[in-house]
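One structure is given below, encoded as structure tokens.
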Amino acid sequence: MPTTLASDAAGPETPGFELPLLLFGGFRALIDALHAELAAQGHPGVRPAYGFAMQAIGLDGATASEVGRLLGISKQAAGKTIDRLEQLGYAERAADAHDGRRKLVRLTPLGIDALARSAAIFEDLRAQWASHLGSERLAALEADLRTMVPRGRFRLDVPGWFGT
């Protein structure tokens, strides 16, 4: 069910609860547009959770435990997501060349293509935001968000975080 904001204009009377809703709304708008375009470009099965999982797997591969830890979900839940990525052709399991006891999950060429297309689509979406807001306002927004977001690697644990 969509949430209605108290006002369309920012001001001193804007309730504090609107800030996280606006940030989430912007995030959701970008992610929804990304996935609509990914579907149009031949990746209709990619869902937001799969995108986070493919980011967690990365180009070097990862174990199911590592994917779960990065996503903030159990190894079993990560295994189910990896199973689905395998079924869709985006990932595969393989023996670790350095440790035969470990199974690595690796992105397939299709998975790498989905991530590459995602990056290009995000560039297009950013350009759309710049067109609507103006380049200077968008740059200021990004700078302000960098000031407020903790430094370091971004956490990918959105699926687990929302699930708690």
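Values for this structure:
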item: Any chance residue 114 is aliphatic (A, V, I, L, M), modelled with pLDDT of 95 or more and surrounded by 18 or more Cβ atoms within 10 Å (Cβ to Cβ); result: yes
item: First in region 106-126 and within 19 Å of residue 66 (Cα to Cα), second anywhere and open to solvent by 80 Å² or more (accessible area, probe 1.4 Å), Cβ under 6 Å, 6 or more apart; result: 106/92; 108/92
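Table: residues versus (1) modelled with pLDDT of 95 or more; (2) assigned to a helix (DSSP H, G or I); (3) exposed (fewer than 14 other Cβ atoms within 10 Å of the Cβ); (4) of a type in the set (D, E, K, R).
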residue	(1), (2), (3), (4)
83	yes, yes, yes, yes
86	yes, yes, no, yes
101	no, no, yes, yes
121	yes, yes, no, no
140	yes, yes, yes, no
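The values are calculated or read from the model by the stated rules, or taken from the named source; none is laboratory data. Predicted model, so just to flag it, every value in this text is computed and none were measured. Positions of Cβ are generated from backbone atoms using ideal geometry, with glycine treated the same way; all protein chains shown enter the neighbour counts. With ligands, DNA and RNA removed, areas are computed over all heavy atoms of the protein, side chains included. Shrake-Rupley method; radii C 1.70, N 1.55, O 1.52, S 1.80 Å.
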